[in-house]
Every structure is written in C-alpha cells, then in structure tokens.
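Below is one structure; the comments refer to it alone.
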Amino acid sequence: IRVTGTPLGLEGEKSFGVLLIIEDITQLKKLENMRRDFVSNVTHELKTPLTSIRGFIDTLKNGAIKEEAVANRFLDIIDIEAERLSTLIQDILLLQEIESKRDYERLPLDINESVNAVIELLQPKITGDIEIVFKPQPYLKPFYCNPDRMKQLFINLLDNAVKYTEKGTITITLKEEEDNLVLGIKDTGIGIEKEYLPRIFERFYRVDKGRSRKQGGTGLGLSIVKHIVELYNGNIQVNSTLGVGTEFIITLPYNMGNKK
Ligand code: ADP
C-alpha cells in the first residue's frame, strides 16, 4: 500500500487538514517485478549463446583455425548458437506481440488441414522410432482465428511431444464438444514430475535445462501456447506421468473464435 499525504490549506496559513491518498500498489509492484524478472531472464538467455560464440571465435583466432577438423567443429557450434539466438529473439518478439493483444485477425481455418501441415513441417525431426497418429475429423467446423497463431500453437505442442519422446506414439485428436474445439496431443515420452507441472507454462522454465538446450529449446514454447489459448478464451489442461507420457488438452470456444 502506498500512502501520499498533501497538507490542505492556503499558503502561509495553518493547514486545516491533510489529503491522504491510499493506493493498493500490490498489483503494480507484482507487474513491475515480473517485468524486471523477464528482462533479467532475457538478458541471461541472450548472453549464454553469445558468450559461447565469442569464446569459440577467440579460440579460432588463437590458432585453432589452422586445424581444419577442429575449426569445422567450432564453426558448427557457432552456427548452432547463432541459430539459437535467432530462435530466442523470434520467440520473445512473438510473445510480446501476442501479449499486446493487438491481434484481432479472424479468418476461418480448416483445423484438419493446419494440423496436417504442421505434421509435414516437423517431419524432418520425426525419427523412425516415433509414430504420429492423426485421424482428421471430417465434420469439423472451421475455427475463426489468426491462422498463423493457431499453427504456432500446434507447432509448439507437437515439437515438444517429438522433443521429449524417444520412441513411441504421438496421438493427435480433434473433436467438437459443446461448441468447443478440443485438441489433444498425447505422447509416450519422458513425462513430467507432478511437482514441476504447475511451472511449465512460465517463461523460460524448463524441467531439465540441459536437455531442453540440447534440443534447441528456448523455454518459451509453452508460455506462447498459453498466451495463444488465452487470446481465444480457451483453456489448457495437462496430464503427465513420469516415464509414461504427457497429454495436453486444449479447449477453445467456437463462439469466441467466431465473434470478430
Ligand atoms: P522448451 O523450449 O524447453 O521445450 P517449453 O516452454 O516448450 O520449453 O516447455 C517447458 C518445459 O516443459 C520443457 O523444458 C520440458 O521440461 C517440459 N515439457 C514440455 N512439453 C513436454 C512433453 N511433451 N513431455 C515432457 N516434458 C515436456
């Protein structure tokens, strides 16, 4: 609580009272702290690949460049780290854009088609040990949304399912239920321990930082998913068992999507 006092009365005269302004700034403080945390997280996340890039450049300059095999290996690492920086910046910008809610575009989207396109897009990442099961729903109504946003939602969820599943099946389901579009993505991957579940939608939160990094993760994927779901007044549910698998269920109301 912030209290500001101003004496009441004419200048030079005895004041006859005090105007007290009492404000509840808890929310404001919270927002301020969140912003500060975000900036410090972003700075840290950007610095890590940059430090690595500069380190390898230094080593190359100090002589490693003369050994071709070593030089090539270092250049590959520099390439990967530069790619990481670029993904990170893209994700941060995307998150900002969705958060600012300036996004009123609503076009009818064929969800079956969009899911199929995303499966196609991620195909190079899908190894022979993973099977994707998706049966398009022939009678699905089009969903009114920004098609790029919806595609991003599918990409992030499917990309995670692929990243965190060594072998097994990823099942994608679509259905219409009480004027909601319900999307399910279920994998037979590593799973998430119960205590970590509430945190996975936080920005930059990863259960296993090393593993996520190795897979090119930014820790922003699910945070972006959550914001997109909120943009369409939907909700997201996650069930997971360590070592068994994870299931995300997204419910999006059609009427909200059709409004604009
Ligand atoms: P990341 O870029 O690290 O994948 P996300 O925000 O997409 O970031 O996910 C946050 C964390 O949630 C991941 O680091 C991972 O620990 C966990 N996670 C997300 N999806 C899955 C999944 N399908 N199976 C197991 N763990 C997952």
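Amide H to amide H under 5 Å from residue 145: which residues, 5+ apart in sequence or cross-chain, H placed 1.01 Å off N in plane?
107, 109
Output the relative contact order of the range 14-126, whole-number percent, from Cα pairs under 8 angstrom with separation of 6+ residues.
Computed value for the range 14-126: 22 percent relative contact order.
For residue 240, what is the net charge nearby, where nearby means another residue's Cβ is under 12 Å from its Cβ and Lys, Arg count +1, Asp, Glu -1?
-2
As an exercise, take the mean of 1/r over every pair of distinct alpha carbons in the chain, invert it, and state the Kirkwood radius in angstroms.
21.6
Where Rh is the Kirkwood radius over the Cα pairs of the range 59-193, the temperature 10 °C and the viscosity 1.306 mPa s, what D in µm²/s does Stokes-Einstein return?
89
At a threshold of 8 angstrom on Cα-Cα distance, excluding pairs fewer than six apart, so keeping six or more, what relative contact order does the chain reach in percent?
16
Using a simple spin-label model with points 7 Å from Cα along the Cα→Cβ vector, what separation in nm is obtained for residue 166 and residue 66?
Going from the residue 166 label point to the residue 66 one covers 4.3 nm.
In the structure shown, do any of 47/214; 135/175; 125/175; 125/167; 151/214 have a Cα-Cα gap over 21 Å, and if so which?
The pairs that break the limit, which is 21 Å between Cα atoms, are 125/175; 151/214.
Tell me which residues come under 5 Å, amide H to amide H, from residue 180 once H is placed; ignore anything under 5 positions away on its chain.
Amide H to amide H, under 5 Å and 5 or more residues apart or across chains, residue 180 pairs with 254.
Using r as the Cβ-Cβ distance of residue 83 and residue 133, and R0 as 25 Å, what FRET efficiency do you calculate, to the nearest 0.05?
0.25
Students often check this: by mean Cβ neighbours within 10 Å, which of 246-254, 123-131, 92-100 ranks highest, and how do the rest follow?
The densest-packed peptide leads the list: 246-254, 92-100, 123-131.
For the range 62-134, how big is the tail of P(r) above 17 Å, as a whole percent of Cα pairs?
So the portion of pairs separated by more than 17 Å is 72 percent.
Given H placed on each backbone N at 1.01 Å, which residues far from residue 130 in sequence or on other chains put an amide H within less than 5 Å of it?
HN-HN under 5 Å from residue 130: 168.
Do any trypsin sites (Lys or Arg not before Pro) in the range 1-108 lie in a loop, going by DSSP, with at most 13 other beta-carbon atoms within 10 Å of their beta carbon, and if so which?
14, 101, 102
Give the separation of the Cα centroids, the range 129-144 to the range 153-195, in Å.
Each part's Cα centre sits 12 Å from the other's.
Please find the FRET efficiency linking residue 213 to residue 36, where r is the Cβ-Cβ separation and R0 is fixed at 22 Å, and quote it to the nearest 0.05.
Taking R0 as 22 Å, the efficiency between residue 213 and residue 36 is 0.40.
I want the antiparallel fraction of DSSP beta bridges within the chain, as a percent rounded to 5.
85
Which one of 70, 140, 34 has its Cα pushed farthest toward the positive end of the charge dipole of the range 1-157, where Lys and Arg give +1 and Asp and Glu give -1 at the Cβ?
Most positive-ward Cα: 34.
Report, as a whole number in µm² per second, the diffusion coefficient that Stokes-Einstein gives for the range 1-49 at 25 °C and 0.890 mPa s using the Kirkwood radius over alpha carbon pairs.
Rounded to a whole number, D works out at 173 µm²/s.
Once the piece of chain linking residue 18 and residue 121 is laid out straight, how much longer is it, given 0.36 nm per residue of separation minus the C-alpha distance between them?
30.5 nm
Would you mind counting up the charge near residue 1? Only other residues with Cβ under 9 Å from its Cβ, with Lys and Arg at +1 and Asp and Glu at -1.
Net charge in that neighbourhood comes out at -1.
Read-outs: derived from the displayed coordinates by stated rules, not from any lab. These numbers come from a predicted model, not from an experiment. Cβ: placed from backbone, ideal geometry, glycine included. Neighbour counts: every protein chain shown.
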